[in-house]
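Here's the structure, in structure tokens; my notes come after.
The values are calculated or read from the model by the stated rules, or taken from the named source; none is laboratory data. All figures in this text were calculated on a predicted structure; none of them were measured in a lab. So basically every Cβ, Gly included, is an ideal-geometry build from the backbone, and we count neighbours across all protein chains shown. Surface accessibility is based on the protein's heavy atoms, side chains included, excluding ligands, DNA and RNA. Shrake-Rupley method; radii C 1.70, N 1.55, O 1.52, S 1.80 Å.
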Amino acid sequence: LINQTHQNWELHLVHDGPNTTKLKDLISVINDRRIIYSESPKHLGNWGHFYRQQFLKDMKQREDVDYVVITNADNHLVPVFLEYLLNGFKEDTTVATYCNEMVHSYNSTHQTAFITPKASSFSPLTWEEYKWGIIPCKLERGYIDCSGIMIRKDAACDVGWRSMEHSSDWTYIEDDIKKYG
């Protein structure tokens with residue numbers, strides 16, 4: 001997110017349980033006021049879905065937020081991601097926009113290409129630890145992750161995050177489609 005061409009964003013980074021990876025130290029070094037870091041005292045599991053539920057409940061009260069993207073640590077958002085998805089909201093009736101490809105760090109059967117590691121430009125993370133690939137997206141279970149979609153805040157909060165299953169990213173998107181088309 002730090003490299004986004006669209007600069008007006010806020011990241012709520014929530015770690016499920018006490019963090020032992022020095023992530024908090026890295027956030028301090030980055031020192032970007034748009035990043036709000038928190039960690040829970042206890043690991044709750046469920047892929048962080050409890051925090052997504054709480055986040056959407058809290059966002060209802062925020063008048064300074066227009067759109068929501070929920071993402072995971074295994075997604076890479078290219079620098080024009082926010083700019084491109086925001087361009088889709090030119091019509092007042094648009095509820096959500098989504099990307100047609102995602103950069104994801106797991107070995108998926110849907111991957112079409114691997115990204116060449118450039119470890120030196122991504123220090124302190126090492127790209128060798130990940131299998132980054134481009135995944136074509138479509139609005140079907142298993143073909144899109146929650147980070148591939150930007151939803152108007154009012155619609156995202158209205159639908160909420162109801163599922164705790166592994167694939168609840170898709171349930172969240174599907175619930176929005178059912179309600180708003």
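Carbon and sulfur: what percent of the chain's accessible surface (1.4 Å probe)? Within the chain, the accessible surface is 52 percent carbon and sulfur.
Scanning the chain for GluC sites (Glu not before Pro) that sit in a DSSP loop and have at most 13 other Cβ atoms within 10 Å, the longest stretch containing none of them is 11-62.
Put simply, the amide H of I35, placed in the peptide plane, has neighbours under 5 Å in L11, leaving out anything fewer than 5 places away on its chain. Semi-axes of the equivalent ellipsoid of the chain are 24, 21, 18 Å, computed as sqrt(5λ) over the eigenvalues of the C-alpha gyration tensor in descending order. Per residue, the accessible area of the chain comes to 62 Å² when a 1.4 Å probe rolls over the protein heavy atoms. Cross-link pairs exceeding 24 Å in C-alpha to C-alpha distance, out of K90/K178; K153/K179; K90/K179; K22/K138, comprise K22/K138. Specify whether the C-alpha gyration tensor of the range 7-74 places it in the rounded, prolate or oblate class, a ≥ b ≥ c being the square roots of the eigenvalues: rounded for a/c under 1.5, otherwise prolate if a/b is larger than b/c and oblate if not. Cα axes put the range 7-74 in the oblate bin.
Does the range 55-107 come out rounded, prolate or oblate by the C-alpha gyration tensor, with a ≥ b ≥ c the root eigenvalues, rounded set by a/c under 1.5 and, if not, prolate when a/b is larger than b/c and oblate if not?
oblate
Annotation: the antiparallel percentage among DSSP beta bridges lying fully within the chain is about 70. A helix-only calculation puts the chain at -7000 deg cm²/dmol for mean residue ellipticity at 222 nm, using -39500 (n - 2.57) for each DSSP H run of at least four residues, averaged over all residues. Ranking of I177, I135 by solvent-accessible surface, largest first: I177, I135 (1.4 Å probe, protein heavy atoms only, all chains present). Classify the range 139-181: rounded, prolate or oblate, from the alpha-carbon gyration tensor (a ≥ b ≥ c, eigenvalue square roots; a/c under 1.5 rounded; otherwise prolate if a/b is larger than b/c)? Taking the square roots of the gyration eigenvalues as a ≥ b ≥ c, the range 139-181 is prolate. Distance from the alpha carbon centroid of the range 1-32 to that of the range 56-90 works out to 15 angstrom.
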